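Encoded as structure tokens, the structure appears first; notes follow it.
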Amino acid sequence: MRALLVIDMQNDFCPGGALAVPEGDLIVPVINRLMPSFDHVLLTQDWHPEGHQSFASAHEDKQPMETTEMPYGPQVLWPDHCVQGTVGAAFHPDLHTEPAELILRKGFRPEIDSYSAFFENDQETPTGLHGYLQTRGIEHLVLVGLAEDFCVHWSAVDGRKLGYEVTVVEEATRAIDADGSKADAREAMTDAGVRFGSTRDVV
Ligand code: VGL
Ligand code: ZN
């Protein structure tokens, strides 16, 4: 059984948002058109409290896109984004959310970021998604959404680590691409056994 996992399709990751991914909005209709081909549609939502430690504004002398050392390793510092309850944290208004059977929120612990839909950035605190998928008998994940080089990337690699078949739909994702992060992400996903497909391959 397979599921469509839609990663962080939120206003702040679209043009005009706080952490805009170029062309992020263009994939909304592509994702909407994929949904009817799936029995299971799941959405993730980046969901940070104010003052989250992944925000550059929470650190003295740090600018967005700089890196800092967290107890769990290096962490890119972002502009404030997807603050709980704000318009920026809401799903893109054109995204079809009705077909979703689960909305998984992540990044809500103040001290730790969570790119992956499976584990927070310490790579060990689980979000609970693996248990959900296992008990529902879902074995193949088709990943779409934002951003390809961060949350899609880490969700895809962790999905492979946990034994899922993982396909990323190329027309239905876009990257931030800071410092070559898109090419690095592609390589890491390919090495992990993630497959890349077109919408035609998955409908
Ligand atoms: C994301 C950076 C910070 C993402 C979330 O959804 O890819 N990127 N928070
Ligand atoms: Zn975030």
In segment 42-86, how many residues are within 14 Å of ligand 1 (Cβ to nearest atom) and farther than 30 Å from P99 by Cα? 19
Looking at segment 68-78, which of its residues are outside any strand (DSSP E or B) and open to solvent by 80 Å² or more (accessible area, probe 1.4 Å)? P71
Can you pull out every residue in segment 1-40 that is within 18 Å of A90 (Cβ to Cβ), open to solvent by less than 40 Å² (accessible area, probe 1.4 Å), away from ligand 2 (no atom under 16 Å from the Cβ) and in contact with an Asp or Glu (Cβ under 9 Å, 6 or more places away or on another chain)? I27, V28, N32
Looking at segment 174-187, is at least one residue over 22 Å from L19 (Cα atoms), of a type outside the set (S, T, N, Q) and away from ligand 2 (no atom under 14 Å from the Cβ)? yes
Scanning segment 161-176 residue by residue, the ones that are in contact with a helix residue (DSSP H, G or I) (Cβ under 8 Å, 6 or more places away or on another chain) and either of a type outside the set (V, I, T) or near ligand 1 (Cβ under 8 Å from one of its atoms) (or both) total 7
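For (1) touching a residue at least 40 places away in the same chain (Cβ under 8 Å); (2) in contact with a His (Cβ under 6 Å, 6 or more places away or on another chain), each residue gets a yes or a no:
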| residue | (1), (2) |
| --- | --- |
| I7 | yes, no |
| C14 | yes, yes |
| P22 | yes, no |
| I27 | yes, no |
| S37 | yes, no |
| V41 | yes, no |
| H59 | no, no |
| I112 | yes, no |
Can you confirm whether G197 is at positive phi and either away from ligand 1 (no atom under 16 Å from the Cβ) or open to solvent by less than 60 Å² (accessible area, probe 1.4 Å) (or both)? no
Return the pairs, sorted by first residue and then second, in which the second residue is open to solvent by 40 Å² or more (accessible area, probe 1.4 Å) and not in a helix (DSSP H, G or I), the first residue lies in segment 125-147 and is under 16 Å from F196 (Cβ atoms), the beta carbons are less than 6 Å apart, and the residues are 6+ apart or on different chains. H140/R2; H140/E165
Does L4 satisfy the criteria of being in contact with a helix residue (DSSP H, G or I) (Cβ under 7 Å, 6 or more places away or on another chain), within 11 Å of ligand 1 (Cβ to nearest atom) and under 27 Å from G128 (Cα atoms)? no
When you scan segment 44-60, do you find a residue that is open to solvent by less than 10 Å² (accessible area, probe 1.4 Å) and hydrophobic (A, V, I, L, M, F, W, C), even just one? yes
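The values are calculated or read from the model by the stated rules, or taken from the named source; none is laboratory data. Since we're looking at a predicted model, the values are computed, not measured. For neighbour counting, all protein chains shown are included, and Cβ atoms are generated from backbone atoms with ideal geometry for every residue, glycine included. Calculation scope for accessible area: heavy atoms of the full protein, side chains included, ligands and nucleic acids excluded. Shrake-Rupley method; radii C 1.70, N 1.55, O 1.52, S 1.80 Å.
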